[in-house]
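Taking it in order: structure first as structure tokens, then the write-up.
The values are calculated or read from the model by the stated rules, or taken from the named source; none is laboratory data. Note that the structure is a prediction, hence the values are computed from the model and not measured. Neighbour counts run over all protein chains shown; Cβ positions are idealised from the backbone, glycine included. Please note that ligands, DNA and RNA were not included when accessible areas were found on the heavy atoms of the full protein model with its side chains. Shrake-Rupley method; radii C 1.70, N 1.55, O 1.52, S 1.80 Å.
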Amino acid sequence: MNNKEKGNSLEPGDIASTGTGSKLETTKLPEAGPEDPNSAAPIATETPEAVEAIEEPVDADGSPSVDHEPGTDEAASSAAAKAVSAKKPRSFFGEQPLPIIEMAPRVLRYRTRRDLLLFSAGAVAAVAGAGFLLPQTTLSRMGVRRNINARGKEWLLNKALRIDDDVAEALYSRNRMVPTYTKSQITPIKNNYNGATPDLAYIPGWRLALDGLSSGLTLSLDIGILRVRHQVHDQITRLVCVEGWSAISWWSGLRFDDLLHAYPPVSQAKWASIESSVNLDANGNPDPYFVSIDLLTAQNPQTLLATHLNGKPLTVEHGAPLRLLVPVKLGLKNIKAITRITYTKGEPPDYWAKRGYSRYDGI
């Protein structure tokens, strides 16, 4: 083992024992008995102090002694000890010392008082807001006589939900991308229509209506035009359902952003209302489905108007012949069997938002 591997420690034979200034101690072996022909020899051992520093003899007044002249062996011992007194470099991954932050007492008192007031105000607001949601019998036992009906509670919850949506929308970035996967990671995907699966009889007469265009026209496009006029993009992403399940699938189709460039919306449009007139309720009755998508989300490169699933044309169960695939949103925004897209300046209504759910539904 070389010196580097040992952290520059000294072997017992590296420094001669002098007994003058060095803090090297000598350990004697047991003295030889009458029958032991060999005499015991002193062996130098290293002490922790020897690694740190070598003391110099001093006079009574504390100044170094001038009468002491080290011999050759002592000089060598001192040089060797000084050579190993250098501290080992700190490892890059080692624990670093905590920085010392100094702050004027006046500033510290101000910040502590401010933080305490903010925390107290937030705690009071949270308790007051939560208290309104308790049953009236519980409030009465607590001595609170104010009654808040179901409509008032719903208003309060919707306000809180809307604030959450606004924050999520403000933090959204068009350049945000969700993870992509390989074909070996594909998992089965459920047929999760919110009602009954439509009958495939609608497919032969299917058309996509485009409204709210800058041209002032309403266009009617068939699936063949969409497939031929626009480049097909593939992506393997995860679809996340609000019910708690998810699936990794291989989707193909045109980018929503390509449709926006081919058929520009009206000036200052910020939203798209996407509808499916063929959607049914649980009893099989017509129940048109509609979602709202902000155009920043529509322009995301991973937002597709999908025509294929796992390399095959969409089936009725998965929204043939055209569905929205927006992986930065929950599955309830990924509307199936699209029949109309309308661009608007203001936020359009949303199927589940009208029923008390979030209107943003981001992940």
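Taken over segment 200-218, the criterion of being out of contact with any Phe, Trp or Tyr (no Cβ under 9 Å at 6 or more places or on another chain) and open to solvent by less than 80 Å² (accessible area, probe 1.4 Å) is satisfied by ALA201, TYR202, ILE203, GLY205, TRP206, LEU208, ALA209, GLY216.
Which condition number does GLN231 fail, the rest of (1) open to solvent by 80 Å² or more (accessible area, probe 1.4 Å); (2) outside any loop (DSSP other than H, G, I, E, B) being met? (2) is the only condition that GLN231 fails. Take ILE225 and decide whether it is farther than 17 Å from PRO288 by Cβ and part of a helix (DSSP H, G or I). Yes; evaluated as a whole, the condition is true for this residue. Of all residue pairs spaced 6 or more apart or on separate chains, those with beta-carbon atoms under 9 Å, a first member in segment 163-185 that is closer than 16 Å to ASP294 by Cβ and part of a loop (DSSP other than H, G, I, E, B) and a second member that is modelled with pLDDT of 70 or more and open to solvent by 80 Å² or more (accessible area, probe 1.4 Å) are TYR172/LEU296; SER173/LEU296; ARG174/LEU296.
Residue-by-condition table, conditions (1) in contact with a Phe, Trp or Tyr (Cβ under 7 Å, 6 or more places away or on another chain); (2) of a type outside the set (Lys, Arg); (3) at pLDDT 95 or above; (4) assigned to a loop (DSSP other than H, G, I, E, B):
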residue: ILE189; (1), (2), (3), (4): no, yes, yes, yes
residue: ASN192; (1), (2), (3), (4): no, yes, no, yes
residue: PRO198; (1), (2), (3), (4): no, yes, yes, yes
residue: SER220; (1), (2), (3), (4): no, yes, yes, no
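Of the residues making up segment 240-261, just one is open to solvent by less than 20 Å² (accessible area, probe 1.4 Å) and in contact with a Pro (Cβ under 7 Å, 6 or more places away or on another chain), namely ALA247. Of the strands (runs of 3 or more DSSP E) contained entirely in segment 262-363, those carrying at least 2 residues that are open to solvent by 10 Å² or more (accessible area, probe 1.4 Å) fall at 271-276, 289-294, 304-309, 340-344.
Checked against (1) closer than 28 Å to PRO179 by Cβ; (2) among the charged types (D, E, K, R); (3) outside any loop (DSSP other than H, G, I, E, B), GLU243 meets all criteria but (3).
Residue-wise test of (1) more than 16 Å from HIS318 (Cα to Cα); (2) in contact with a Ser or Thr (Cβ under 9 Å, 6 or more places away or on another chain).
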position: ILE223; (1), (2): no, yes
position: ARG227; (1), (2): yes, yes
position: HIS230; (1), (2): yes, no
position: VAL240; (1), (2): no, yes
position: GLU243; (1), (2): yes, no
position: ALA247; (1), (2): no, yes
position: LEU254; (1), (2): yes, yes
position: ASP257; (1), (2): yes, yes
